[in-house]
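Participant: Okay, handing you the structure first.
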Amino acid sequence: MKVGVIGLGNMGAGMAANLLKAGHDVTVYNRSPEKAAALVAEGASAVGCVADACRGDAVVTMLAHDAAVEDAVLSENGVIAALPAGAVHVSSSTISVALAEKLAVAHAKAGQRYVAAPVFGRPNVAAAGQLVVVAAGEAAAVQAAEPLFEAIGRKTFILSSSPADANLMKLSGNFLIASVLESLGEALALVSKAGIDGRQYVDILTSTLFNAPIYATYGPLIAEGKFQPAGFAAPLGLKDISLVLAAAQELRVPLPIASLVRDRFLSLLAQGGEELDWSAIGRLAARDAGVREK
C-alpha cells in the first residue's frame, strides 16, 4: 500500500520502519524534519507538510495529544482536506473519546474511511513490530487497514464499528497500567522500609503471583529508579488519566482510583518529573515513607 505516516516520535518511527520492512510505499512527515532522516535512509520519502503525506491509499497518525491530532487532521491543509475520497485514515494516537467521535463524523462527511487503532506496547515493542492493535471502525475500512496492522503488530483485536470504542478501550487500559504503577510503588515502599531488597521483591512477584508483562516491565524500573530515557513520558500519563476521567464523567462512572492516580502524576510533575517515564509515580510512595533512594 501507499501509506503516509504522520508523527515520528518514539512510537511512530518504529511503526513506520516496520511498514517499510513489510514492503509498503511509505511517506513520512514530522514537525521536526530531522526525525525522518533514519527512515529516509531505509527507503521512506519525507515530505514537508501534512497534506503531502495524504496522497496515497492510507495515512497513519501517531501524535501525542488531542491538540496535535486536531491540528493535523482538521486544519485547512490537514488530513481531511488532502486525503482522497475512499482512502483510510488510521488514527493510532491515544486521544479523547470526544475527539474520536468528532473525527469519525468529519471523515464520513468527506467521503473518507476512518479507523481508530490505538496500540499497546512501549517503543521497543513498536520497533520490533510486536504491538497489540485495538481497531474499531466500519468493517470495510478496518479490512482495508489490516495489511498495516499486520506490519506493525503481533495481534489485532477488532472491537466494533464505532471508532471511539477503541479509544475508550485504550484509555481504560492505560488507567489500569497507571494503577499498577501506583500500587506496585506502594508495595515496594512498604518492603523497602523494612529492609527487603526491592529488586529481589520484584523478582519473586514476577516469578509467582504476577507473571505478567506489566509487572515484568515496570517492576524493575521502579525498584531501580530507572526513569530515563522515558519510554512514555510522565506528562502523557497525566494526559491519559485526565482523558479517562473525562470519559467517565460523561458516562457518569465514578473512578476513585483514577482520581488518586491523577493526583500522583500532578505531584510528580510538580516535583520536576517532566522528563521522567510515567512509571516514576511508583517512587512517590517511597519518598513519602522516607525511604532513601539508592
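Each value in this text was obtained by applying a stated rule to the coordinates, not by laboratory testing. Since the model is a prediction, treat every value here as computed from it, not as a measurement. Glycine gets a Cβ as well: all are built from the backbone with ideal geometry, and neighbour counts include every protein chain shown.
Participant: Collect residues whose amide H, placed 1.01 Å from N in the peptide plane, falls under 5 Å from the amide H of residue 5; neighbours closer than 5 in sequence don't count.
Facilitator: Sorted by chain and number, the residues that satisfy this are 27, 28, 29, 60.
Participant: Which peptide among 171-184, 4-17 comes first, and what is the full order, when sorted by highest mean count of other Cβ atoms within 10 Å? Don't jump to the answer; show the numbers that get you there.
Facilitator: Values: 171-184: 20.1, 4-17: 25.4.
Answer by packing, highest mean first, reads 4-17, 171-184.
Participant: With just the Cα atoms defining each centre, how far is region 17-60 from region 143-206? Give it in Å.
Facilitator: 29 Å
Participant: If I take R0 = 41 Å and measure r between the Cβ atoms of residue 71 and residue 194 in this structure, what FRET efficiency does the formula 1/(1 + (r/R0)^6) give, to the nearest 0.05?
Facilitator: The computed FRET efficiency comes out at 0.25.
Participant: Sticking with this one: Stretch residue 274-residue 242 to full length: gain in nm at 0.36 nm per residue minus the Cα-Cα span?
Facilitator: Taking 0.36 nm per residue and subtracting the Cα distance, the gain is 9.9 nm.
Participant: Okay, moving on. Just the Cα atoms of region 216-279, one point each, no solvent: what log10 I(q)/I(0) does Debye give at q = 0.28, 0.30 Å⁻¹?
Facilitator: So the normalised log intensities are -1.14, -1.21.
Participant: Would you please give the FRET efficiency between residue 289 and residue 25, computed as 1/(1 + (r/R0)^6) with r the Cβ-Cβ distance and R0 = 51 Å, to the nearest 0.05?
Facilitator: Values: r = 55 Å, r/R0 = 1.07.
So, using R0 = 51 Å, E works out to roughly 0.40.
Participant: Oh, and also: Can you compute 3J(HN,Hα) from phi for each residue in region 188-202, using the Karplus curve 6.51 cos²θ - 1.76 cosθ + 1.60 with θ = phi - 60°, rounded to whole Hz and x for Gly and Pro?
Facilitator: 5, 4, 4, 6, 5, 5, 8, x, 7, 5, x, 5, 5, 4, 5
Participant: Sticking with this one: Could you give the length gained on full extension between residue 108 and residue 157, defined as 0.36 nm per residue of separation minus the Cα-Cα distance, in nm?
Facilitator: 15.4 nm
Participant: Taking just the alpha-carbon atoms of region 144-294, what radius of gyration and Dmax come out, in angstrom?
Facilitator: 17.0, 56
Participant: Continuing with the same structure: Towards the positive end of the charge dipole of the chain, with charges on Cβ (+1 Lys, Arg; -1 Asp, Glu), say which of 131, 114, 7 has the farthest Cα.
Facilitator: 131
Participant: Principal axis extents for region 99-165, Cα atoms only, whole Å, descending order, please.
Facilitator: The Cα atoms of region 99-165 stretch 37, 22, 18 Å along the principal axes, largest first.
Participant: Assuming 0.36 nm per residue, please report the length gained on full extension of the stretch residue 224 to residue 42 beyond their Cα-Cα distance.
Facilitator: 62.0 nm
Participant: Find which of 148, 223, 254 sits farthest along the positive direction of the dipole of the chain, computed with +1 on the beta-carbon of Lys and Arg, -1 on that of Asp and Glu, about the Cα centre.
Facilitator: Positive-end residue among those listed: 223.
Participant: Give the residue list of trypsin sites (Lys or Arg not before Pro) in region 235-288 that are DSSP loop and have at most 16 other beta-carbon atoms within 10 angstrom.
Facilitator: For trypsin sites (Lys or Arg not before Pro) across region 235-288 that sit outside H, G, I, E and B with at most 16 neighbouring Cβ atoms in 10 Å, the list reads 252.
Participant: Let me ask something additional. Go from 0 up to the bin containing the longest alpha carbon distance in region 1-140, width 5 Å each, and give me the % of pairs per bin.
Facilitator: Computed distribution, short to long bins: 2, 11, 22, 26, 22, 13, 4, 0.
Participant: Over region 55-183, what is the percentage of antiparallel beta bridges among all DSSP beta bridges, to the nearest 5?
Facilitator: Looking only at bridges with both residues in region 55-183, the antiparallel portion is about 20 percent.
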